[in-house]
Amino acid sequence: MSAPSVDMKDVLVADGVGVFGATSGSAIYLGEAPDQPNLCTTLFDRTVRQPLMPISELGPGPIEKSVEFPAIQIQCRAIDYAAAYAKAREVVNSLVHRASFTNVAGDYKYLCITQQSDPLHIGEDDKNRQIFSLNIMAQRTPIIP
């Protein structure tokens, strides 16, 4: 089962927001941002709430009917304020309110993605690069073969 951050990374890469693991240009990383490149989007898995496991008249519903609510924190870094904010808006435009889709691994169907916060300037890193953070929440259900 794939991590939600991996699935969102795949969407961002497919939409041309960045290149996973790039060392120049617009890069996308998971869990930790490297020192370079300056223009970088990093995704972190977070928890918002427990999955919904429906109860039928006969007992617990099948697992493929459960709904999970993973959250992803996304940080966008750039040399200047406007570029970091623009990258954060590009991420929002790529992910939020898209039609339902199945992830690349084929183990989850995403029902929707909602924005939990606007891009928020959280300061500068130790190299004076600007960082914006935003949070999204997805609704997904496992696909059981």
Seminar exercise, completed: Looking across the stretch 1-47 at residues that are of a type in the set (Ser, Thr, Tyr), surrounded by 14 or more Cβ atoms within 10 Å (Cβ to Cβ) and closer than 21 Å to Ala82 by Cα, the single one that is farthest from the chain's Cα centre (by Cα) is Ser26
Exercise. If you check every pair at least six apart or on different chains, which have Cβ atoms under 7 Å apart with a residue in the stretch 1-25 that is in contact (Cβ under 8 Å) with a residue 12 or more places away in the chain and under 17 Å from Arg46 (Cα atoms) first and a residue that is assigned to a helix (DSSP H, G or I) and among the hydrophobic types (A, V, I, L, M, F, W, C) second?
Worked result: Met8/Leu95
Exercise. Of all the residues that make up the stretch 86-122, how many are in contact with a strand residue (DSSP E or B) (Cβ under 6 Å, 6 or more places away or on another chain), surrounded by fewer than 18 Cβ atoms within 10 Å (Cβ to Cβ) and of a type in the set (Gly, Ala, Ser)?
Worked result: 2
Exercise. Considering only residues of the stretch 37-86 that are at pLDDT below 95, charged (D, E, K, R) and part of a strand (DSSP E or B), which is nearest to Met1 (Cα to Cα)?
Worked result: Glu68
Exercise. Which of the residues spanning the stretch 87-117 are hydroxyl-bearing (Ser, Thr, Tyr), part of a loop (DSSP other than H, G, I, E, B) and touching a Phe, Trp or Tyr at 6+ places or on another chain (Cβ under 7 Å)?
Worked result: Ser100
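The values are calculated or read from the model by the stated rules, or taken from the named source; none is laboratory data. No experiment lies behind these values; they were computed from the predicted model shown. Every residue, glycine among them, receives a Cβ derived from its backbone with ideal geometry; neighbour counts consider all protein chains shown.
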